[in-house]
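Colleague: Questions regarding the structure given below will be posed in turn.
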Amino acid sequence: MKKLLSGLVIAVFAGLLALPQTAAADVQFGLKAGGSMARPTGADAQDPTATLKNKVGFQGGLFLALNFGRVVTIQWEVLYTMKGATYVALDDSFTDKLYADYVEIPLLLKFRIPTPGIQPFVFAGPSVGFKLNEKLTSNGEEVPLADKLLKNNDYGAIFGAGLNLGRNIMFDVRYSLGLQKVLSTIEGDTAPDYKNGVWTASLGLAF
């Protein structure tokens, strides 16, 4: 997984170096917001006594896009994103929810199809995340946490596609694949295989 993340970072910067040195970047700054569905991945994300359900949430923030020519864009984003999961017991005896909010910073390499009017695009790149808070509830009651359940940082890879609707409006759908085992561990223990995973659909407005 770490090799995959490193490869994505190298690909982004290789794309930058491959651009003509004389190309002048068209700079766009904007806002974006949308809905998300979080569902953790990994062997230890499953509970044989419960059903794992998506956490529906929100993602939004800022982006800075550097458009090189008609095809290539490098885009930085700073996003507030909600992650976590809901476990409902097979016998309905409990409903446990583990939620966490993050600031996520992706660096994306985007390729646009230069059609007039509506432009399709695809993108990919690495991201890092920093936990803002976490919350555990059981049957609707908050469970006090003596120790943190989740690590303070996360990292992963983002893949997606979308449409530019003219120059100023864009829509995209993406998947954020967590590559970091995010559950905290007691010193000496093996980290549980529990990673974040989030689908997001968002609308952006560029200036």
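The values are calculated or read from the model by the stated rules, or taken from the named source; none is laboratory data. None of these values were measured; they are calculated from a predicted model. Heads up, the Cβs are rebuilt from the backbone with ideal geometry, glycines too, and the neighbour counts pull from every protein chain shown.
Colleague: Could you please let me know if P126 is assigned to a strand (DSSP E or B), of a type outside the set (F, W, Y), over 30 Å from F94 (Cβ atoms) and at pLDDT 90 or above? Break it down into steps so the answer makes sense when it comes.
Modeller: Values: assigned to a strand (DSSP E or B): yes; of a type outside the set (F, W, Y): yes; over 30 Å from F94 (Cβ atoms): yes; at pLDDT 90 or above: yes.
Yes; evaluated as a whole, the condition is true for this residue.
Colleague: Still on this model: From V88, V78, grab the single residue that is surrounded by fewer than 13 Cβ atoms within 10 Å (Cβ to Cβ), in contact with a strand residue (DSSP E or B) (Cβ under 7 Å, 6 or more places away or on another chain) and without any contact (Cβ under 8 Å) to a residue 40 or more places away in the chain.
Modeller: Numbers: V88 fails: surrounded by fewer than 13 Cβ atoms within 10 Å (Cβ to Cβ).
Criteria check complete, one pass: V78.
Colleague: Pairs, please: C-beta under 8 Å, at least 6 apart or cross-chain, first residue among the polar types (S, T, N, Q) and in the range 29-51, second surrounded by fewer than 14 Cβ atoms within 10 Å (Cβ to Cβ) and not in a strand (DSSP E or B)?
Modeller: Once the first residue is among the polar types (S, T, N, Q) and sits in the range 29-51, its partners that are surrounded by fewer than 14 Cβ atoms within 10 Å (Cβ to Cβ) and not in a strand (DSSP E or B) give T49/L90; T51/L90.
Colleague: Looking at this structure, is K181 modelled with pLDDT under 95 and either of a type in the set (F, W, Y) or surrounded by 13 or more Cβ atoms within 10 Å (Cβ to Cβ) (or both)?
Modeller: Considered against the rule, which asks whether it is modelled with pLDDT under 95 and either of a type in the set (F, W, Y) or surrounded by 13 or more Cβ atoms within 10 Å (Cβ to Cβ) (or both), K181 comes out as yes.
Colleague: Within the range 154-166, track down each residue that is surrounded by fewer than 18 Cβ atoms within 10 Å (Cβ to Cβ) and either without any contact (Cβ under 8 Å) to a residue 40 or more places away in the chain or β-branched (V, I, T) (or both).
Modeller: Scanning the range 154-166 gives a single hit, F159.
Colleague: Among the listed residues K148, K83, K131, identify the single one that is buried (at least 20 other Cβ atoms within 10 Å of the Cβ), within 23 Å of Q46 (Cα to Cα) and either touching a strand residue (DSSP E or B) at 6+ places or on another chain (Cβ under 6 Å) or not small (G, A, S) (or both).
Modeller: Working: K148 fails: buried (at least 20 other Cβ atoms within 10 Å of the Cβ); K131 fails: buried (at least 20 other Cβ atoms within 10 Å of the Cβ).
Going through K148, K83, K131 in turn, the sole match is K83.
Colleague: Another question, if that's okay. Can you find a residue in the range 131-142 that is among the charged types (D, E, K, R), closer than 23 Å to G60 by Cα and outside any strand (DSSP E or B)?
Modeller: Taking the range 131-142 as the starting set, the residues that turn out to be among the charged types (D, E, K, R) are 131, 134-135, 141-142.
Among the residues that remain, those that are also closer than 23 Å to G60 by Cα are: 131, 134-135.
In the following step, the residues that additionally are outside any strand (DSSP E or B) were identified as none.
For the range 131-142, residues among the charged types (D, E, K, R), closer than 23 Å to G60 by Cα and outside any strand (DSSP E or B): absent.
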